[in-house]
Amino acid sequence: MQKHGLISDLSTKTAGIYLHIPFCKQACVYCNFHFSTSLKGKEDVLQAILKELEMRRDYLQGALIETVYLGGGTPSLLSADEINIIFDTIFKYYPVNHLSECTLEANPDDLDKKYLKALQHTPINRLSIGVQSFREEDLLYMKRAHTAQEADYAIKAAQDAGFTNLSIDLIYGTPGLSDKAWKDNLAKVTDLRIPHFSSYALTVEPKTALHYNIMQQKAAPVDPEQAAGQFEILMDQAVAMGYEHYEISNLALPGKYAIHNTNYWLGKHYLGIGPAAHSFDGTSRKWNVANNALYAKHILQEHQLSYEEEKLTRTEHLNEYIMTSLRTMWGCDLDKIEKEWDSSTATQVEKSSHLFQEKKWLSQQGKILVLTNAGKLFADKIAAELFITQ
């Protein structure tokens, strides 16, 4: 047991590594992640990533590495040789017995037969493909680099190459996306035999190109009611398709959950490597500088890390548990709260849940609080009302 009982011993046995690859061919209008469309500093950033892996080898305190996730950005811009160099560095400095899951985020237009064949000679065993939509109109609105035809081809080519552990992203709430078209998008998931998919409402983030375009009336605005309705379609159709809605934005065939991301929601520790990457060791969060040039300079020239850190109080840790656990089908465990915090806290959370149980937004199964489908539309609001403030 960790100090103060915040994390059980189970959480410290295994951990994950996330590597942020901050490069893209072009910018999607809705994206607010850290990336660059210039590859000018790519070599320096990659060298800094390798060095950071070495410098932070003690961060996870010897936990066995279970998952590695290459996200971005567009990690499929890396060559197979570059991917292997990253994994060689992980194997050199971290305890790795057997990696359960090694995920590469990829754009459909990168996944040709030659690249997929090269990936077979890397530890990558799972692909997360940024499809977003099988409709050309949606892809044009979002300024995606690929076409609907390329998305279909990439999935089939990946399967032919032996990558059966696949996930795709789908976005709903796009202007012009009718409910029928959204159902057709979802139907493609089963047609293509995809075991896992993530689905998000199109969100207009500040300072993005989409926000600017809408403000300048150069793009159709997003309709929250359309998004809510299509989220309800997602929940209903997922059941008919045989998928479990195991997290608000993630759906999978039984047992085909994303291990790396599920471990985030279960509170396991993870190390984030690369510009803007986040890390969590059970008591604090760290996030690297979100600037490629500064990130590389600090590590390669000054031999130091550049990050910000937030120490979590017991109450903050509890509230994070409430928020993340409610997002999952496994729910918020009042017995866990009583064990790792105290009984009065568990009683207070349970009492605060009664209003939402009356509204049929929450259900209580023994000592587990689980969002209903109606409640999933208000997940953030419900979690905030259950938070402990002191």
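Stick to the Cα atoms of the stretch 183-231, pair each with every other, and give me the Kirkwood hydrodynamic radius in Å at one decimal.
Hydrodynamic radius (Kirkwood, Cα only) of the stretch 183-231 equals 13.0 Å.
For the stretch 33-106 and the stretch 13-27, compute the distance between their C-alpha centroids and round to whole Å.
Using only Cα atoms, the two centres lie 7 Å from each other.
Work out, in µm²/s and without decimals, the Stokes-Einstein translational diffusion coefficient of the stretch 38-152 at 25 °C, 0.890 mPa s, Rh from Kirkwood over C-alpha pairs.
157
In deg cm²/dmol, rounded to 500, what helix-only [θ] at 222 nm does the chain give when every DSSP H run of at least 4 residues adds -39500 (n - 2.57) and the total is split over its residues?
-12000 deg cm²/dmol
ILE337: net charge of surrounding residues, Cβ under 15 Å, Lys/Arg +1, Asp/Glu -1, itself excluded?
-3
For a test of the definition: using alpha carbon positions, the gyration tensor, and the 1.5 limit on a/c, classify the stretch 190-279 as rounded, prolate or oblate.
oblate
Excluding ligands, DNA and RNA, what is the solvent-accessible area per residue of the stretch 1-143 at a probe of 1.4 Å, expressed in Å²?
Value for the stretch 1-143: 44 Å² per residue.
Measure off, as a whole percent, the carbon and sulfur share of the 1.4 Å-probe accessible area of the chain, all protein chains present.
51
Consider the candidate values [x] 62, 44, 43; [y] 56, 52, 43; [z] 80, 50, 39; state which one is Cα extents along the principal axes in Å computed from the structure displayed.
[y]
In this model, which of LYS311/LYS381; LYS51/LYS297; LYS339/LYS360; LYS188/LYS376; LYS351/LYS381 are farther than 18 Å apart at the alpha-carbon?
Distance filter (> 18 Å) returns LYS311/LYS381; LYS339/LYS360; LYS188/LYS376.
Less than 12 Å apart at the alpha-carbon level, and either on another chain or at least 8 residues along: which aspartates and glutamates does that give for LYS117?
ASP160
How many percent of Cα pairs in the stretch 313-390 exceed 14 Å?
The answer is 54 percent, as a whole percent.
Take the alpha carbon atoms of the stretch 290-326, find their center, do the same for the stretch 134-162, and report the distance between the two centers in whole angstrom.
Measuring centre to centre over Cα atoms gives 34 Å.
Report the Stokes-Einstein translational diffusion coefficient (µm² s⁻¹, integer) for the stretch 242-328, Rh taken as the Kirkwood radius over Cα pairs, at 37 °C with viscosity 0.692 mPa s.
220
Counting alpha carbon pairs within less than 8 Å and at least 6 residues apart, what relative contact order, in whole percent, applies to the chain?
Result for the chain is 17 percent.
Check cross-link reach from LYS207 to the lysines: straight Cα distance under 20 Å, and skip same-chain residues fewer than eight apart.
Cross-link targets: LYS25, LYS143, LYS218.
The values are calculated or read from the model by the stated rules, or taken from the named source; none is laboratory data. Just so you know, these numbers come straight off a predicted model, no measurement behind them. Please note: Cβ atoms are built from the backbone with ideal geometry, for glycine as well, and neighbour counts cover all protein chains shown. To get the accessible areas, we keep the full protein, side chains included, count just its heavy atoms, and leave off ligands, DNA and RNA. Shrake-Rupley method; radii C 1.70, N 1.55, O 1.52, S 1.80 Å.
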